[in-house]
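Quick notes on the structure that follows.
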Amino acid sequence: MGIDRRGLLTRIGAGALAAPALAQPTQGAAVAFLHGVASGDPDAHSAVFWTRVTPADASGADIELTLQVARDAAFADVVRTSNGLRARASRDFTVKHDLDGQGLEPGTDYFYRFVAGETTSPVGRVRTLPVGAAADVVLAVASCQLYPGGLFNAYDAMSKLDRLDAVVHLGDYIYEYGARETDYGGATGAQLSRLHQPPREILTLEDYRLRHAQYKSDPDLQAAHARAAFICVWDDHEVANDAWSMGAENHTDATEGDYAARKATALRAYYEWMPIREPRAGLTLDHVNRSFEFGDLATLAMVETRLLARQKQLDYAVDMPVVDGRPDVEAFRAVLNAPDRDLLGDEQRDWLKNVLAASKAANKPWQVLGNQVVMARVNGPDVTRIASPEQIDGMIAGLPAEVQPGIRQMIDLYSLGVPFGLDSWDGYPAGRERLYAAFAEAGVQPIVLAGDSHAYWVNELKDASGARRAVEFGTTGISSPSPGDAVAPLPLGPLLIGANEEVVFCDQRAKGYVLLTLTPDRAEARLQAVSTILTKPYTATTLSTWVVTRDDDGITAPTRA
């Protein structure tokens, strides 16, 4: 039966927000599970189990439901039943339930479902974390899923993996933009009949809830959530583009209200709609940093680089002084390298150092850092060194007319030897050095995971003295446009590799995810790409495979398998 999704989402939102907070539970009314099921934040004996119940009417009454967890997909062997759960209007009829560390065995696959009256949800699958000896861990790393930007084919591919312990999601789970064709991704969204709802930039609690509902209506994303637990952290678009602790590029107080209120609203909707534990007692909503232990094999630490301590991003147009018509690069570098510039803050960095040191003390071979933005030093490519002015003019002439002026400006700017981007760790060099010092003090060389850039990266991270401090695998977007798309046929990825010592590999156009497999003596990162995000069917391939091993000095540089 056909469903008018736009009208349905509108009715859902209206019903949710009209509800009294303490309404009595609905008895016997037909409800629906239109947004699938999900699990997250697994530990050795539990996980967070999530669903959203679509009410049968707009009465606003709570909906009572039951969670069942079984060893088999047919639920012949149910090991835990949690009765009396409530989908409350005050939380947009979402439900999160944690088994509180009891009832499940470590390193084991389970199946789960919710039941409300006569209605049963789809079935999900979750794997608890191992305790003690662990032969391997398999993680999918994802980021940046712009709904109008294309189909979520990468999630469909992920859902079909034979082995998947968890999905590490590094942010940009939703985007805040509107539904005009001129909005980000809007032209593709119009082509695919996949425009944002509500059809405006989101600002209110109802707006953020409806946007989360739209994203979770996608069948491929639902399939990935049903396949494995997600371990998530937000980036900027869960609130607004280029967010920092006190504001965002895509927020204007004069017309959009108080930024702190918008941030709190966005995080409230995020915690309602995501399978994630609430912040630890006494902490505010933006304290999302936490860690996970995979037996004796690995520690995964998820950090927050946006809302807690990030200072405002620099901007070349605003912060690059011009003297006698020429950019004053040295003056800009003095601002860029100011010793107080930071992303993490002292409190979070100390927490991270302690987590990493404890992992090292436990003789775990791998420490993995779930971090939102690219950490490597990446200067913009100096195209003037490899091409004549005539060749550059020819390349620019082959680009879409609307991007030509901006590309010419960037080519001129990058010839000065400045960073490729200022929203990444390159915009906070002193903070990065403090983080590298924390790695050294903890005695570890971690694997850093990065999202945000909509590109694949394999990077060897070095401190200011040239000592290797970590290896970085950056995942591309699920569907968000890449810089390489905008400047094709300019070979942006190879140009960045050639211009930067720390960049081992970079692909600026493919879409997909990273499949990271850890064993006691080897870390393997497979860059998994899909052939298209504009249609189905598609093909899934491994773009390349990279391996890191260990030696007496720590981890080795990444090599291509």
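Mind checking which lysines have their Cα closer than 23 Å to the Cα of LYS462? Skip sequence neighbours fewer than 8 apart in that chain.
Once the sequence-local lysines are set aside, what remains near LYS462 is LYS353, LYS360, LYS364.
Based on Cβ point charges of +1 for Lys and Arg and -1 for Asp and Glu, what charge dipole magnitude is obtained for the chain about its Cα centre, in debye rounded to the nearest 20?
1240
Looking only at the chain, where both bridge partners belong to it, what percent of the DSSP beta bridges are antiparallel (to the nearest 5)?
Percentage antiparallel, nearest 5: 75.
In region 244-303, with Lys and Arg counted as +1 and Asp and Glu as -1 at Cβ, which of these residues, TRP244, ALA264, PHE292, has the Cα nearest the positive end of the dipole, that is, farthest along it?
Towards the positive end, the residue furthest out is PHE292.
Please give the calculated 222 nm ellipticity per residue for the chain, where each DSSP H segment of at least 4 residues contributes -39500 (n - 2.57) and the sum is spread over every residue; nearest 500 deg cm²/dmol?
-7000 deg cm²/dmol
Can you tell me how region 455-561 classifies by the Cα gyration tensor, rounded, prolate or oblate, using a/c under 1.5 as the rounded cut?
It comes out oblate by the Cα gyration axes.
Could you work out the Rg to Rh ratio of region 367-435, with Rh taken as the Kirkwood radius (inverse of the mean 1/r over all Cα pairs)?
Result: Rg/Rh = 1.11.
Net charge around ALA223, counting only other residues with Cβ within less than 10 Å of its Cβ (Lys, Arg = +1; Asp, Glu = -1)?
-1
State, to one decimal in nm, how far the label point of ASP552 lies from the label point of SER415, with both points 7 Å from Cα in the Cβ direction.
Using points 7 Å along Cα→Cβ, the separation is 4.9 nm.
For percent of Cα pairs over 45 Å apart, pick the label among (i) 32; (ii) 14; (iii) 19 that corresponds to the value derived from the coordinates.
Computing percent of Cα pairs over 45 Å apart and matching it to (i) 32; (ii) 14; (iii) 19 gives (ii).
Rounded, prolate or oblate, given the Cα gyration tensor of region 192-301, with a/c below 1.5 counting as rounded?
Cα axes put region 192-301 in the oblate bin.
Name the residue from GLN214, GLY451, ALA281 whose Cα lies farthest towards the positive end of the charge dipole of the chain, charges +1 on Cβ of Lys and Arg and -1 on Cβ of Asp and Glu.
Projecting each Cα onto the dipole axis, the largest value belongs to GLN214.
Tell me the relative contact order for region 195-269 as a rounded percent, counting alpha carbon contacts under 8 Å between residues six or more apart.
Over region 195-269, the number comes to 31 percent.
Separation between the LYS160 and GLU330 pseudo-spin-labels, each 7 Å from Cα along Cα→Cβ, expressed in nm?
Calculated label separation equals 5.9 nm.
Ranked by accessible surface with a 1.4 Å probe, highest first, in what order do LEU518, LEU161 come?
Correct descending sequence by accessible area is LEU161, LEU518.
Of all the Cα-Cα pairs you can form in region 198-253, what percent are over 13 Å apart?
69
Measuring from label point to label point, each 7 Å out along Cα→Cβ, what is the ALA561 to ALA187 span in nm?
3.8
Tell me which GluC sites (Glu not before Pro) from region 322-405 have a DSSP coil assignment and no more than 16 other beta carbons within 10 Å of their own.
Answer by residue number: GLU402.
What number, in percent, do you get for the relative contact order of region 421-534 if the mean sequence gap of Cα pairs under 8 Å and at least 6 apart is divided by its residue count?
It rounds to 22 percent for region 421-534.
Compute the relative contact order of the chain as a whole-number percentage, counting only Cα pairs closer than 8 Å that sit 6 or more residues apart in sequence.
13
Taking the alpha-carbon distance from LYS312 and a cut-off under 22 Å, which lysines remain once sequence neighbours fewer than 8 residues away in the same chain are dropped?
Answer for LYS312, where 22 Å is the Cα cut-off: LYS263, listed by chain and number.
Using 0.36 nm per residue, how much length does the chain from LYS462 to ARG385 gain when fully extended, once their Cα-Cα distance is taken away?
25.2 nm
Cross-link candidates for LYS536: which lysines have Cα within less than 20 Å, leaving aside residues fewer than 8 places away along the same chain?
LYS160, LYS216, LYS511
How large is the accessible surface per residue of region 343-385, computed with a 1.4 Å probe and reported in Å² as a whole number?
In whole numbers, region 343-385 has 37 Å² accessible per residue.
Between region 319-386 and region 54-115, how many Å separate their Cα centres?
42
For region 101-186, count the residues as N, evaluate 2.2 N^0.38 Å, and divide the Cα radius of gyration by that value, please.
1.47
Counting residues in region 50-118 as N, plug N into 2.2 N^0.38 Å and put the Cα Rg over that result.
For region 50-118, the normalised Cα radius of gyration comes out at 1.22.
Using unit Cβ charges (K, R positive; D, E negative) and no other charged atoms, how large, in debye to the nearest 20, is the dipole of region 406-561 about its Cα centre?
Dipole size: approximately 520 debye.
So with the 1.4 Å probe, I'd like the accessible area per residue for region 62-158, rounded to whole Å².
Per residue, region 62-158 has 35 Å² of solvent-accessible surface.
The values are calculated or read from the model by the stated rules, or taken from the named source; none is laboratory data. On a predicted model such as this, the values are computed, not experimentally measured, just so you know. Don't worry about glycine lacking a Cβ; one is built from the backbone with ideal geometry, like all the others, and counts go over all protein chains shown. Protein only, heavy atoms only, side chains kept; ligands, DNA and RNA dropped before computing areas. Shrake-Rupley method; radii C 1.70, N 1.55, O 1.52, S 1.80 Å.
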